[in-house]
Every structure is written in structure tokens, then in C-alpha cells.
1. Between Ser700 and Thr104, 0.36 nm times their residue separation minus their Cα-Cα distance comes to what?
2. To the nearest 10 degrees, how steep is helix 736-753 against the longest Cα principal axis of the chain, on a 0 to 90 scale?
3. Give me the one-decimal nm value for the distance between modelled label points at Ser618 and Ala213, 7 Å along each residue's Cα-to-Cβ direction.
4. For the chain, what is the calculated [θ] at 222 nm in deg cm²/dmol (nearest 500), taking -39500 (n - 2.57) for each run of four or more DSSP H residues and dividing by its residue count?
5. Can you compute the FRET efficiency between Glu142 and Thr781 using 1/(1 + (r/R0)^6), with r the Cβ-Cβ distance and R0 = 25 Å? Round to the nearest 0.05.
6. Over the alpha-carbon set of segment 155-254, work out the extent along each principal axis and list the three values in angstrom, largest first.
7. How far, in nm, would the chain grow between Ser360 and Asp95 when pulled straight, counting 0.36 nm per residue and subtracting the alpha carbon separation?
8. Evaluate E = 1/(1 + (r/R0)^6) for Glu793 and Asn345, where r is the Cβ-Cβ distance and R0 equals 30 Å; express this FRET efficiency to the nearest 0.05.
Amino acid sequence: MDLDTPAPPARRRRWRRAAAVTLPVALVGTFAAVAAPQAFAAQYCGGLEYKVVSSWGSGFQANVILTAGDAGLSGWDIEWDFPAGTSVTSAWNVDWSQSGTGFTGSDVGWNGTVAAGQTREVFGFIGSGPATAPTGITVNGESCDGSEEPVEPELEVSRANVVVDAGSTASIDVGFSAATTAAATVTTSRTSGSTDLTVASGGSLAFAAGATATKPVTFSASANAEPGESAVFTVSAPGYDPLPVTVTVADLGEVTQNEERFLTLYDQLAGADSPYLHETGVPYHSVEELIVEAPDYGHETTSEALSYLMWLEAAYGQVTGDWSGYNNAWDVTEQYAIPDLNPTNYDPNSPASYAPEADSVDAYPTQIDFDAPVGTDPLGAELRSTYGNNQIYGMHWILDVDNAYGFGECGDGTTEPAYMNTFQRGSQESTWETVAHPSCETFDFGGPNGFLDLFVGDEAYSQQERYTNAPDADARAVQVAWMAQQWAEEQGQASEISGSLENASKMGDYLRYAMADKYFKQIDGDCIGIENCADGTGKNSFHYLMSWYYSWGAGANGDWSFRIGGSGVHQGYQNPMAAYALSEGGLTPDSPTAAADWAASLDAQLEFLEWLQVPAGSPGAGAIAGGATNNWGGNYGTPTTSAEHEGLYYDEQPVWHDPPSNRWFGFQVWGMDRTAQYCMETGEARACELLDNWVAWALSESEISATDYSLPGDLEWNGEPGAGLSATVSTMSKDPGVAGAFAKILSYHAAATGDTASQTAASNLLDGLWAVNDGIGVTQTEGRADYCRFGDEVYIPEGWTGTMPNGDVLENGVTFIETRSFMTEFEGWDQVQAYIDGGCTGAPPEFDYHRYWHQVEVATAFQTYAALFE
């Protein structure tokens, strides 16, 4: 599932403006001080780097990177003296203590071995006070100050973007990243833009030599300034690189506590130097590269992340009245995530050839059956008539943003972001068993047929493009567009986002492919065996629910193309709010039958969720069970369940089984978020009853106080709808993204019902989440015992050989990490390697991850609560 990839991007452009109020925010990527490797022979310490990776008004984050001396290290003790006023507030991968200015840190076992001359990051910490480098550094009692080099300080600002009310002021802090060697004067002056914006105070600030404290600069907007006016101010000092600061007029009113929190987190996510963004403006899945979940490394991204980019920017528009970021989010999505594949020969009467799925990865490739009957695509002709072409206006689900795999654009090896794919071999295929491959298959990598013959058996293989849509993400984009529409209309700015709303409506038109059976077979409950399934005609191949995917593609020579729907339906993908927006909420698509289809979908989704909700009196009453399918096993097999709903068979774990797809509580909050908002906005009785029951269950299983929280992590399921369906919570979690989504549900519930318990729980969750912002974003330390699976075999058939772009060999017996050797260069790999070398016993490696979707869930939870209650 790939595309005609876009042209190589220009290097980093300052593509949008970020918000600011008076709160200081971390500037990620600065360096405070470095002690260089020593010039003399050293037994233990060949050098120590004290790297400040972020700093904010009263604190900073630093990492310590140690180079071993000639003797190497089989354990280390590091001591130093902080400058007055600096202290450690939390640390990781180190056993530490501090007395006065004296700091002592020791290894924690797995990170104690450093070979002679080897350099490794040994620990990190959050500090308060000056970020200036410590002195008197020793390693195992040996001085490590030998040839310490001074660090060149850089000019810094706490925010590169400021939002200010007409007739009001807003401030930033300016200063230096390290102690200055000479006195300096910092000036701030307008260099372009509206004259309604001026420097009210702090236009010229004197800093003494050695200064580490920051000083404020205050901007003012005249009383007659109009929302949207902006100006660029330059902060400069002789001998330092100047910094631009954009100030924008908005209609903020009095900024509330949670609006301040939102704007602070927004600046961390969207600022010009945000570690969450590629130079194109495409968000990464996470700041950290070494992370394996659905994306198999952190600098991939998903259509999910792009839909969250839209949500973040829409929320920013609601708070500030500035909609440029929301429009830009759609521009980024169109350029990098919506393939421009436009085959001329698509035939809706022959949409695809049947390729059965298998129960096990080692049963692949499965053989394409060109003689198997398939149904008629009911949307193809209508969409072509409406839009004049055969392009699919939907997002491909995954991109290699940094092009770490090296596929590039259709074999060029260099373009980034690059379309790619991983999952391809049935429901049992874990992330740890996938083969990464390009969406545009040109046979430049892999084997003689590229990667195609790992997945399907064909009469002859041809170069091709193949793409897959994640309907959950496209539906979220529509849901967010509806919110943006309401907010912009309230501000009298609907015209500012009209083009983006049209895009969302168009995306919803094509999203109807998620309502169809994979091969457009009738939904009738008798679809067992492909030859026994009646071919669909008209809309009788529609289940009207949001399936896990739909897919499309075409041969490079232009002689064939395909489209398929999706048969596996997961509860967490349903979005009544999007169905409402596309049927009667003002985003009706242009196709003649679209509004009716989405009205039918709205009704079908609510009925489906009612069927899946654990009934009163059963354990877990209120939880929502997994889902259903009409295509059992992906090969129209015989169901192992008797529970049936509107022609669909109950499936506890739709689509993927390792891990079971409905085990994670996150799918509960993702799904219920949309039902909760729909209840609040419309008062629809079925939605509100679903919400009431779910909230009662979720709160009963959670521990939420004014200072901390613990939420369900994993669930276990028993029975089936109508026959003892129940759920139990097996583990607890502090997942910040799930907590942010839960806070929004509770806010919607409180607004819809007046329930004070829900509002209090939402407020407490937000307080707890604000407390775990480390200057980069919200994070909770998590152990990753599953990282033992880096050594899992990735099944390659006996006799098949191929290579990845970097030369990694693909052959029978190869492991996950052997097909992705570039990951061993990522920060944190040494922890994983030590865990694996130790037999995966003891404490697993721990990480503080900054996932993009986590940050946006939390940021928009702040904004949602502020909009509803503050």
C-alpha cells in the first residue's frame, strides 16, 4: 500500500507559528557544557560530556555521556560539584544522592560496563536551578576535569512565538544557554509586520559576565489591533546568532489555567525547533527513535499522528483564533500522506483478485486465486463521476519519515518521508515478525521480485504501488474538522478554513470504503467459503461500520489496478461523531449517496456498540468488547462463535492477535471519546446510555486523586455477546495518552450530565498529567520487557534470499534486529542489548517516551476542559 511519493522536500522551513503566553518553555537541543576527553593517559575517565538537552525557566534536562579510560569500567561512581542553587529533582539509570552542591551517582548494574575507549550515555536527570556545567568531576575517584573546554553560550528565548490580546501584553524570557564570558546587551526590536505590536519593556537588557538567569521581554498589542495581525521581532546581541520571535494578535480573553497548560504544551510540540517534527512539518510517532509498537521505530509516522496534528492545530485555533496551523496541517497531509496514484483503468465491476489470508506467518506466501468470484464496488463509478479521476483521497497509514530503511521514493533510496508498509501476513503477525517493505515496489530491494513473493503467490510479478488506509485516522480528521467548523463559526472565521473543511468532507466520501466487505461480498451471515459467498451488488456488501482498513493500488505499467474494503471491524475504530458530521453535521460529501450512507453508518455504529457492551450484572459491565467480522480468518472460514450481529460474527480480537487487539484499555478510551462527544453535542439517548455505563465501569476500575492516577492497562475477556460476556482488568497503567483521552471523556460526560464526580476526576487527571511534563512533554517511565523480542525470528521461507537497502540480509532464520541493524545505533540500544545478554531476566530496560499522540491527547484534554468549564 504505497504511492507516487512526493518530490524531495526542501530543507527545514519555519512552516508555522506557535503560541506563547508568559510561561517559560524548554528549548530542546541546546548544550550546556562539555568536558572534553583528557589529553593525558586516564585509567578510568577518558572524558565526560554533560549534555543539556532542554532548559526552561527554572529547570533543565541533562544527559551524562561517559568515555572510559585505558582500563575500561566494570562499574562507575561519578562525583561532581554543582553551581550554587542547582539540584537534581529526578534521575534515571543511576543510583544517586546529593548533599549541598555535591552530587554522587553510581551505575545500576546493566549500564556499569564501559569498554576502554568506548563512549556511552550512562544516565540522565531533571535538574532545577542553573544549567551551568558542574566542576570537580571524578570517575571512580579519578579527576575527569583534565582538559575541560568552555562551552560557547547561545542566545535563547523561552518562546519563539507569542499570542497576545488586543490591548494587552504577553512576555517571554531571554537569556543564554551557558554562562557568558563577557557582559552582553540583548536588544529586541520589530523587524517586520504590524505596527500595532510593540515591545512594551525589556527592549534593551544588560547581562553581566557569567550571567545564567533569564530576563523578561514584554510585548504589547494596541487596543484596536485585529485578531490575526502579526509581527516578527528580532532578539539579538553582538557576537550571537539573532533569534526571530513572532507575535500574533488573538482574542484570548483571560487565559485560564488549562489554556496556559495547553499553550505551553503546544509550544513544545509545534515550535520551530520541536523534536516532534520532521523538517517537512510531518510529526514523528515519537521523539525517541528506539521504540517498537505498531510503527517499528519512532521516526516513522502514521496517519493517526497526522490526524492528531490536525486536532492540535484546531484546538490552537479555538484558543487563539489563529487558523493558519490547521490549514497547514491539511497541506502537510495532502503533500506527504495522500498518495497521488490515479490509475486510468480501474473497473468497479472487477475491483480485485482474491488472496486468502492464513492463520500463521509461516503459511505465506498465499496464492492469489484469479478465478474466485468477487462482488462489485458500489463506490467507484460514483466517486469518479463526482471528482473526475480515480485517485483515492485517503491517507496511507505509515511513512518512514527519516527514510531510515532507505527505500525512498519508488526505489530512489533518498526521498523522505517515504511511503512504506510492514504488516502483510495475517492476524497472527506481530510487529516483531514483520518485514518492512516499500509501498512503491520497483524490485530495487529485497529479492528478484522485490518483497512481493514473501506475501502472495502470483503467476507473474509486476512493479506496482499499494496503499492501505487506517479508517480510524481519517474519521478522526473528519471529527476534528467538525470541531474546527464550530469554533471558527463562533469566531466569525469560518471562511478561513473553508478549504480544509472541503478536504475533510472529501476524505469522508472515500472513507465509505471502510464500510464494505473486503471483496465486496454480501453481508448476510452465510459467507463461509469464498465460493459460497454471494457477490455484492449495490450496497449489500456494506456493513456500514468502520473496518480496520481499506486498500488500493495499481501496476506500474498501467494495465491493472485494485480496491478492497475491510472485513474486520474493531470497536475502537467506530466514530459516531464523524458519521454525524458527514450525514447531518455540515460536512456532507459531494457524492449523491454519501449522506445517506453516513446516516446509515451512524445508526449501525451505535447498534454495534450496544451489542458489544458488557451488560449490567456481569463483571466489567459497561466495557466494550472487541468487534466482529463477516470474513472469518481473512479467508471466509468457519466461525468459532455463535454470536452474530447483522450478518457479522463476534470476534474477541479482530484483525490481530499478538497481542490481542482488544486487550489494551487505550482502545476503550479512543472509541468512547467519539461516543461521549456525540452524546454531549446531540443528547442522543443511545449514545448517552453507552457513555453512562462505560464511565461508571472505567471510574470504578481507576484510582484518581489530586496528585496521582492509575488506570486500567490490559483487559481479559470471557464469553460473548448474549452468552456471558464479561471483562476484567488484569494490569494497571499510567499511560499519559490514555489518561488524556480519558480526561476528555470525563469532561464530555460532566458537560452532558452535570456529573460532578466526572468533572472532578477529569480535573484531577489534568493536574496529574501537568505534573509529569519534563520540559519536552508529558511522559511516564515504562519498562519494556517485550524488547526481548528483538531476537524473534522474522519468517523468511527456506531458499528465499534478499537484501534491505542498507545491506541487511533477508533469509530463513533471520531475526527482527538483523533486518533492522540501523536500530542498534539508536540511543538506548545498549540497555536493550544488556537486557538480552542477561537472558531477559531482572528489571527490563526503562524509557521515558514522548509519543506524539500522547502529547496531543493531553494538550487537547487541557483545551477541552478549559472550553467546557473555565
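What follows is calculated from the coordinates using simple rules that are stated; it is not laboratory data. Predicted model, so just to flag it, every value in this text is computed and none were measured. Every residue, glycine among them, receives a Cβ derived from its backbone with ideal geometry; neighbour counts consider all protein chains shown.
1. Numbers: separation 596, 0.36 × 596 = 214.56 nm, distance 4.31 nm.
Fully extending the segment from Ser700 to Thr104 adds 210.2 nm.
2. 70
3. My value for the distance between the label points is 6.4 nm.
4. Numbers: 14 runs with 206 residues, N = 870.
That comes out to -7500 deg cm²/dmol.
5. Numbers: r = 31 Å, r/R0 = 1.24.
So, using R0 = 25 Å, E works out to roughly 0.20.
6. 43, 26, 17
7. On the way: separation 265, 0.36 × 265 = 95.40 nm, distance 4.48 nm.
Result: 90.9 nm gained on full extension.
8. Working: r = 40 Å, r/R0 = 1.34.
The calculated FRET efficiency here is 0.15.
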